[in-house]
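Have a look at the structure below before the remarks.
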Amino acid sequence: MADCIFCSIVAGDIPAKIVHRTESVVAFKDINPQAPLHVQIVPTRHIRDAAALGADDAVVLSEMVAVAKTIATDAGYDPEARGYRLVMNIGPDSLSSVPHLHLHVLAGRTMEWPPG
Ligand code: 5GP
Ligand code: ZN
């Protein structure tokens, strides 16, 4: 999609530190990390956000969650040991800033709850 930052990263038009790539998802380091590990996992196809997912998107959504586990585990944040947090922001009140579906993977520090 034109003028979409994350579509441009997927296409290689904007540089990013890619950590994982499959046919349907790309994972890259967040430009403004909020934890020692902060990665964005995005579908290669433009989807606005989690509220725009349809029944046909079940496979890509589950792949995003599976890739998150792989990345966190490979970085030493095993689910059964330290663990990690997954976040999806939707709409203005969530402070979502990029209208291309992305799954935040945050790990490496004790998180706060409730989130701000
Ligand atoms: P949101 O606020 O929409 O949930 O999250 C967007 C995230 O994308 C933010 O954490 C922000 O730092 C990250 N981000 C925005 N622009 C870029 C970029 O050009 N490159 C990378 N690597 N991350 C970006
Ligand atoms: Zn996009």
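The values are calculated or read from the model by the stated rules, or taken from the named source; none is laboratory data. Please read all numbers here as calculations on a predicted model, not as lab measurements. Reconstructed Cβ throughout: ideal geometry from the backbone, glycine too, with neighbour counts over all protein chains shown. Note: accessible area is taken over every heavy atom of the protein model, side chains too, but ligands, DNA and RNA are not part of it. Shrake-Rupley method; radii C 1.70, N 1.55, O 1.52, S 1.80 Å.
What to note about this one:
- Taking every alpha-carbon pair within the chain, the share separated by more than 20 Å comes to 40 percent.
- Computed lengthening from Ile18 to Asp93, 0.36 nm per intervening residue step minus Cα-Cα distance: 24.1 nm
- Entry note, the chain: relative contact order of 30 percent, from Cα contacts under 8 Å with a spacing of 6+ residues.
- The helix-only estimate of mean residue ellipticity at 222 nm for the chain, built from DSSP H runs of length n ≥ 4 each weighted as -39500 (n - 2.57), is -6500 deg cm²/dmol after division by the residue total.
- Carbon plus sulfur fraction of accessible area for the chain, probe 1.4 Å, in percent: 54
- Per residue, the chain exposes 61 Å² of accessible surface when a 1.4 Å probe is rolled over the protein heavy atoms with every protein chain present.
- Scanning residues 5 or more positions from Val19 or on other chains, those with amide H under 5 Å from its amide H are Ala27, Phe28, Lys29, with H placed 1.01 Å from N in the peptide plane.
- Note on the chain: with charges restricted to the Cβ of Lys and Arg (+1) and Asp and Glu (-1), its dipole about the Cα centre is near 280 debye.
- With all protein chains modelled, accessible area of Ser96 [1.4 Å, Å²]: 40
- With Cα atoms, 0 to 90° folded angle of helix 58-74 axis to the chain main axis: 40
- Note, ³J(HN,Hα) from phi for the stretch 75-92, Karplus 6.51, -1.76, 1.60, rounded to Hz, x at Gly and Pro: 7, x, 9, 4, x, 7, 9, 7, x, 7, 10, 10, 9, 10, 9, 9, x, x
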